[in-house]
Amino acid sequence: MLGVGGAFVIAPATMTMMDSLPDEKAGDGSAANLFGRQAGRAVGLALIGAIVKTIYSAQMERAANGEPAAPPLAETFHSASRNGPERSRGRTRLARP
């Protein structure tokens with residue numbers, strides 16, 4: 001999904017930026033555009049890695065203590081269907097329109 005969305009955003013944004021520059025500044029604009037994309041990817045990847053590491057560490061700690069790392073999927077669906085979204089395993093209530 002992200003790749004498809006990026007295809008519709010990155011190319012037009014690059015063209016808009018490059019078209020706004022005079023020809024003698026095209027190299028500078030291209031370098032700035034490439035730097036921005038690479039820095040954004042690096043920060044995004046680091047953020048995703050930190051989130052995954054946090055979740056994984058918590059799951060492994062629970063498993064080391066003899067607890068199941070996560071409730072089985074069937075149990076989660078059964079609990080949600082039995083209790084409804086308001087009381088499913090003590091989670092926050094869902095907003096209703």
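The values are calculated or read from the model by the stated rules, or taken from the named source; none is laboratory data. Everything quoted here is computed from the prediction, not taken from an experiment. Positions of Cβ are generated from backbone atoms using ideal geometry, with glycine treated the same way; all protein chains shown enter the neighbour counts.
Any residue at all in segment 69-81 that is within 26 Å of the chain's Cα centre (by Cα) and at pLDDT 80 or above?
For segment 69-81, residues within 26 Å of the chain's Cα centre (by Cα) and at pLDDT 80 or above: absent.
Return a yes/no flag: does segment 35-58 have any residue that is at pLDDT below 85, surrounded by fewer than 10 Cβ atoms within 10 Å (Cβ to Cβ) and out of contact with any His (no Cβ under 7 Å at 6 or more places or on another chain).
No - not one qualifying residue is present in segment 35-58.
I'd like to check something: does segment 8-17 contain any residue that is at pLDDT below 90, surrounded by fewer than 10 Cβ atoms within 10 Å (Cβ to Cβ) and not in a helix (DSSP H, G or I)?
No: segment 8-17 contains no residue that is at pLDDT below 90, surrounded by fewer than 10 Cβ atoms within 10 Å (Cβ to Cβ) and not in a helix (DSSP H, G or I).
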